Structure formats: structure tokens, C-alpha cells
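The values are calculated or read from the model by the stated rules, or taken from the named source; none is laboratory data. Given the structure is predicted, the values throughout are model-derived calculations rather than measurements. Cβ atoms come from the backbone with ideal geometry, glycine included; neighbour counts cover every protein chain shown. When the accessible area is computed, the model is the full protein with side chains, heavy atoms only, and any ligands, DNA or RNA have been set aside. Shrake-Rupley method; radii C 1.70, N 1.55, O 1.52, S 1.80 Å.
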Amino acid sequence: MILRTMRDIGTITMNQLKRLVIDPATYIWLFTLPLLITYVLGISLNSLFAPEFKPIRPYNVGLVQHSPIVGAPIMERLESLPQLFTVTVYDDEESMQTDLADNIITAGVVVPADPLVHPVRVVSTPESIVNQILYSVLRPVLDQLMIMSAETVQFTTEVTKTQLTTNTRSNTENEPKTTVAWAQADSFQYYSLAIAVMFAMYAANVAMQYLAADFTSGTFGRIRSFGVTRSRYLFAGYLSAVIMSVLFVTVMTVVTKVFFGVRWGALSAWLPFTLLCGFTSAAITYFILSIVPANPKIIDGAGTLVFNFIAFLGGSTAPLPALPQWLVSFTTWLPNRALLEGYLRLSSGADLASLSNELTVISISLVVLLGLSLIINSVRPKGAL
Amino acid sequence: MTNHADPIVVVDGLFKQYGKVTAVNNLSFIVYPGETFGLLGPNGAGKTTTLGIISGLIRPDNGDVTVGGFSVTKDTQKAQRLLGVVPQGLALYEDLTARQNLTYFARLRGLHQAEIKRQIAQVLEITGLEDAVDQKVRKYSGGMKRRLNIAIGLLGNPKVLLLDEPTVGIDPQARRHILDAVRRLADNGMTIIYTSHYMEEVEYLCERVSIMDHGLIIAQGPLYEVRALAGDSVVLRVPATDELLNDPEALDRLKKALPAPLEPSHAELRIILTKGSEQAPEILNILVEHQVSLNGMQIEAPNLETVFLSLTGKALRDNGSEASAS
Ligand SMILES: Nc1ncnc2c1ncn2[C@@H]1O[C@H](COP(=O)(O)OP(=O)(O)OP(=O)(O)O)[C@@H](O)[C@H]1O
Ligand SMILES: [Mg+2]
């Protein structure tokens, strides 16, 4: 019985994929179009992402340095950017924390006495812009130190991870809070990831349209008369949507890497995250299938509507920092936004473990979407599917 | 044909309602092994719903069907294994070749690799599609698609084949092809339940028929018995000349003289006389008075269509159906 189930699911999934692969439309809509959009957005919105980003006033940054070898180049770098930072040097961390709590400084950098053992720490509001900027400014400095001496390799990798203490500023009113690794992204970098996340949903949706076509043509009835159950069929449909979505992101990754030099992070993190992206994108379209009539045109229309809407809110069309603040903080629960932010973080060198916020949002959406779909499909009149 | 074997399909008191529409209303019939049973009825009569229930895809509100002794509502899978289903729509993939289609459905039917090859060859031969097997179905003619639709239903060597209007929308020659294939299957001993709204097809293929309307059976039995229900009825087929069609007065008089509606098609006027010889003089008179040429006029014996007409007062099909089987 289990064997038969697996065999049926495999047969249906393979057939779906085979048909998608031989369809020229797949290549046009699913691969060429997103790459074109990425290219056009990358070229035309480059200025939005220009490195001459400048806050209204420079950030007040505190620096505690117990190790001049590392501290001096950091100091030098910060002072070389007067439009971004004014640096105040503290003798001990305690007085820096006090000023931080009193809003006298916006962020602090702590260079420990033994940088080989303890990492350099950036102390600021988690996810704040100053945090992101410090990270992107300091990373190259620390990378360079790594080249200088072999022993510093270990601490450098530690250092590049932004560490946050508990005593961070809670007053965030005058500072836009964004979770995007914005400071490191240029327009190609940003849009390659953003469009990949957006069209991953379309890729899954196309597979679902193929499934829905079987309901309208009577093919599903025929297959069911062979003793193949509805849940087996729907599962195979979901699986093929996942695979299409993963396949699409893979192509986007390879092509944008080769042609636009886009970073996608380490393969070991990219792979599980991309699988998760596939499962989530397919779950969104599966949920759509379970609430509208099983008709390919309707699935297509509903998908386009939903995807455009959440892609906009999730930062795939207009970059998140360009959206109004209330909207950005309101949409943190959107799975596609969490996917985009996850990819952005991976691309700037983060590992999976540091994506706990994103992974939480994604897993909750996955459970909710699949759970609701299952419930709806089980109470829905059978004639509908 | 009398049959002493146990029935292979027993449809017993089926009832199925969709909202306010009663699609199937207390339907019962029996099909014996090896016979071709016809289910004739106009659009919306409940034919597809009935086949859906027999094949275990639609749950009846009441009643049950057994196939080879297995209840389709309780032993669904066992019953389904004995059935081959040919849906009214083209339940296949036009973007694949016939072979890819057949292989896919054969796998889902649970056949094993060697068996798949053997059976594909077999069903291709029955449906005469051997030469086109590696072509994309999209390139097929309407008739070839219909044949492939049947071929898929034949996979797994079903004991009973359910055919739901298998000749819809194709030209007469292609239709002939399909009817002959069905006939061959029947001659080889397959049990067939054939639905159609073409009475010619049912008359050509079936030994026993059931005529349905609005979910109800209005006549049922061996073909000759059902045909006799039409009694004295006669069909006059008059070539429809322009003079006749452009003579509103003549058409009006004909309509008034007839209990049943006229069926004009582009080629001819079918005048159905439910009272037969009694009405004939009056009608012929009208035609002669309006100088309609009676050249080429034909008289048809009672058939299932006239039965339907005399029982329901309406035509089996909307006017001017495109083709006839013979
Ligand atoms: N899933 C459904 N939901 C609602 N009504 C339905 C459904 N299926 C069938 N019906 C209704 O039930 C009646 C019988 O339909 P059915 O398809 O069985 O007729 P049919 O004889 O096959 O007609 P046709 O010749 O057009 O195929 C029709 O009035 C139809 O509108
Ligand atoms: Mg029908």
C-alpha cells in the first residue's frame, strides 16, 4: 500500500515536471522574464542603492579599544567617514553603555583585549541601520586583518558576526528600523534575490495550474477511477510545485551569479534555505488552490493578484527601505519578506543559525498555510476537486 | 438476446441531487456480461452523473451499484479494478505523445513494466492508432483524440467499459471508426455501457437501452420493445429547399398541424408524426399546396428518437445536429 502510494506520487510528479519542462512557455515566463526584470531593475534603480548614502546627521559611535592592533585600523576607518560617524573613545565599556542608554551615542564598538579569543562586538539596536552600516564598513577592515596574519583567521570569522549585548538602546523613534541587509546590497544584488523570491511563487503556481487543468478536463476523475486517491494526487501536485520553485531559484542563482556577480551566500546555507523557499512558495499557491475553484485560469489569476500584492509588501518590487515605515514594520510576518531578508542575510555572509527570526516566520507560515489547506480540502465538497 | 448469466452491473435505486437539481432520480437497471447497454438522453438527463456513480467517483445520496458483486460505495477499489472509464471530456494530455499518455495512465492503473508495453500495443491496435503513437496528441484530429481517450480507458483489461458520449464533436467518418471499434470490443465479449444523445449510435450498438430524461428513466428494455413504444410514429424527411424555408406561412401551418416541434437542419426538414398515418395526409397536403417539391422525401420507421418525442413531447437534441451515423 505504501509502495503503491509512493509509486503513484512519483509517477504523477514526474509527469507534471516532464510536461512543464517540454513547454516552451515555461522558459519564457519562468526563466527569461524574471531575469529580464532583474536586469532592467538592476540597471535603472542603481542610483537608489548608491554608496553615497548619507544620514541627516552623522551617527555618534562609541569605541572601546583594548587592543590597538585591531582597534587602530577600526578607528582609522570610522574617522575616514565623517559624513557617517563621529567617534567618541571610551576607556571602559561601562561608561560607553551608560552613554548608549542615555542616547548620547547611537552605537558602540568594543574591541576586546584578546581578539583571538573574543570577537569584536557592535553594540546597538538590533537590526538598526547604524548596525548594518557599521557591519558593512567594519567587515572589510577585519577581513584585511585576517590576510595580515594567519593566527587572526579564527577571530576574524568570529568578528564579522555582529554581536549584540542585552543593554541596547530601546529608543528607536528617530531611527528607521529595517531588517534588510540594505547597506551591503547594490541594485543587482538586491533585485536578483527579490525577483527570485517573487517568481519562486509564480513557478510553484504554474505547476499548480497544470494540476488544476486535470480537474477541469476530467483527467483527475479518470485517475481517481484507477484507485489513486485525492490526497495522493494533491500531494504529488504540491511536490511538483516545490520542485519547480527550487529549480527556478537555482537557475536564478546560477545565472545572476555568473552574469551580475550576485552573492547568494554559502552553498551549505543556500541549499536548505532554497528548499524551504520552495516549500513555502508551493504552500502559498496550494492554499490558493484550496480556496478557489480548481480551474487553471482562476488559479493563474488569483496567483498573479496575490503574488503581486505580497511581493510589493515583501520588498520584491519596491525596496523595503523605500516603503513607508509603518508598512515595513507591519509586514514582518509575510513569508516572502522573510525569504527575501533571509537571502539578503545569507548573501552578506550570515549562516542559517543567525536567521532565527526569518526561519520562525517561514516555518509558522508553512504550518499555517498547509494546515489550513488540508482542513479546507477535507471539508470541501468532493465535487469541487 | 436472452442472457442467463448473473448480471455484472446492478444499478439499484440511485438518487443524486445537486442543490435543487435532481440529477438522478431512482435509477435502476441491470447489465449482463457481454452485452452493450445504451443510456440515451438529452443534455442534462443525468447520464454523466450515472456513470460517475458507477465508476465510484460520485457518491449517490441513495442506492448503490455493484460491479462484479462489489459495491462501488463500499468496495470501491475492487469495483474500480473491473471498470474502464472513458470520460465525456478528453481526459488526456495534448502536450504529450499518445505513447507517453498511455504509459503514464498505465502506471497509475498499477500495471508493471512488461505488462504496460504489451497492453499499449493491444489498445493501439484496437483503436487503430499504431501509426501515430509517437506524435504529440495536439497534432491529432478530433477523432484520433477520441480514440486515444478510449484506448486509455481500455488499459488494465477492464471487464466493463463505461463510454460517456465518445463521439461528441467529430465528423461522421471518424464517428464510424469509433462505433466500429466499440462494436469489435463488444464482439470480443466486453461488457459496455454506452451513453449518447445520438439515437442512431445506440440503435447501432446496443441490445438493450434505457432512455433518460431529467434523471428519470422514461423507457427501458430490449431495443425492439422500446422502439415499439413509439407505436405508429413516422418521420418524414423533406429536403429543405429555399422556397420552403423562406415560406413562413407554410412553416406556420406545419407547426400548427404538429404536436411536436419541427426540426429544421440546414439540409432537410424532419417532420415527426407521432400519430403516423393519421397525420400524414394533412401534412402532405400542406406541402403540396405550398408547392414544395416532394422529390427526395423519405419516410423513416419509428426509432428511439420518435420514442423520446412521443414520450416527452420534445426532441432528443437541439435542432440541426451536425452528423448522422449511417
Ligand atoms: N457537480 C455538479 N454540480 C451541480 N449540478 C450538477 C453537477 N453535475 C451535474 N449537475 C446537474 O445535474 C444534471 C445532470 O447532469 P449530467 O452531467 O449527469 O447530464 P448528462 O446527461 O451527462 O448531460 P450531457 O449530455 O450534457 O453530458 C444537470 O442538470 C447538471 O446541471
Ligand atoms: Mg454528460
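About the Cα centre of the protein assembly as shown, how large is the charge dipole given +1 on each Lys and Arg Cβ and -1 on each Asp and Glu Cβ? Please answer in debye to the nearest 20.
That gives a dipole near 1260 debye.
Using the per-residue mean of other Cβ atoms lying within 10 Å as a proxy for protection, in what order, highest first, do the peptides B:148-156, B:82-90 fall?
My ranking of the peptides, most packed first, is B:148-156, B:82-90.
So what's the protein assembly as shown giving for Cα Rg divided by 2.2 N^0.38 Å, two decimals?
1.38
Taking chain B as the reference, fit the longest principal axis to its C-alpha atoms, fit the long axis of helix B:172-187 to the helix C-alpha atoms, and give the angle between the two in degrees, 0 to 90, nearest 10.
Value to nearest ten degrees: 50.
Give me the number: length gained by fully extending A:GLN83 to A:SER329, i.e. 0.36 nm times residue separation minus the C-alpha to C-alpha distance, one decimal in nm.
Full-extension gain reported as 85.8 nm.
Would you mind working out the magnitude of the charge dipole of the stretch A:229-385 relative to its Cα centre, with +1 at each Lys and Arg C-beta and -1 at each Asp and Glu C-beta, to the nearest 20 Debye?
400 debye
For the stretch B:44-118, what class follows from the C-alpha gyration tensor (a ≥ b ≥ c being the square roots of its eigenvalues): rounded when a/c is under 1.5, otherwise prolate if a/b is larger than b/c, else oblate?
Since a/c reaches 1.5 but b/c is at least a/b, the shape of the stretch B:44-118 is classed as oblate.
Please give the peptides B:114-120, B:56-62, B:16-22 ranked by average Cβ packing (other Cβ atoms within 10 Å per residue), highest first, as a rough proxy for protection.
With the highest mean Cβ count within 10 Å placed first, the list reads B:56-62, B:114-120, B:16-22.
In whole Å, how far is the Cα centre of the stretch A:220-285 from that of the stretch B:1-67?
Result: 43 Å between the Cα centres.
Distance between the C-alpha centers of the stretch A:297-313 and the stretch B:145-223? Whole Å please.
For the stretch A:297-313 versus the stretch B:145-223, the Cα centre distance is 43 Å.
Collect residues whose amide H, placed 1.01 Å from N in the peptide plane, falls under 5 Å from the amide H of A:THR88; neighbours closer than 5 in sequence don't count.
Those lying under 5 Å, H to H, from A:THR88 are A:VAL61, A:GLY62, A:LEU63.
Report relative contact order for chain B in percent, whole number only (criteria: Cα-Cα under 8 Å, sequence separation at least 6).
19 percent
What's the ranking of B:303-312, B:63-72 by average number of surrounding C-beta atoms within 10 Å, highest first?
Most protected by this proxy first, the peptides run B:303-312, B:63-72.
Can you give the mean number of other chain Cβ atoms that lie within 10 Å of the Cβ atoms in peptide B:76-85?
Partner-chain Cβ atoms within 10 Å, mean over residues of B:76-85: 3.
When Lys and Arg each count +1 and Asp and Glu each count -1, what net charge do the other residues less than 11 Å away from B:THR241, Cβ to Cβ, add up to?
Counting the neighbours of B:THR241, the net charge comes to -4.
Number of Lys-Lys pairs in the stretch B:9-228 under 26 Å by Cα, sequence gap 8 or more or different chains?
18
Excluding ligands, DNA and RNA, what is the solvent-accessible area per residue of the stretch B:9-228 at a probe of 1.4 Å, expressed in Å²?
39 Å²
For peptide A:222-235, how many partner chain Cβ atoms fall within 10 Å of a residue's Cβ, on average?
6
Rounded, prolate or oblate: which one fits the stretch A:254-301, using the alpha carbon gyration tensor with axes a ≥ b ≥ c (rounded when a/c is under 1.5, else prolate when a/b beats b/c, else oblate)?
In terms of gyration-tensor shape, oblate.
Roughly how much accessible area, to the nearest 100 Å², goes out of reach of solvent when B and A pair up, both sides summed, probe 1.4 Å?
Summing both chains' loss of accessible area gives about 2200 Å².
When Cβ neighbours within 10 Å are restricted to other protein chains, what is their mean count per residue of peptide B:88-95?
Neighbouring Cβ atoms belonging to other protein chains average 5 per residue here.
Explain nothing, just the number: dipole magnitude of chain B about its Cα centre with +1 on each Lys and Arg Cβ and -1 on each Asp and Glu Cβ, in debye rounded to the nearest 20.
I would put it at about 1500 debye.
How large a share of the accessible area of the stretch B:9-228, in percent, is made up of carbon and sulfur atoms when the probe is 1.4 Å and the other protein chains stay in place?
Carbon and sulfur together cover 49 percent of it.
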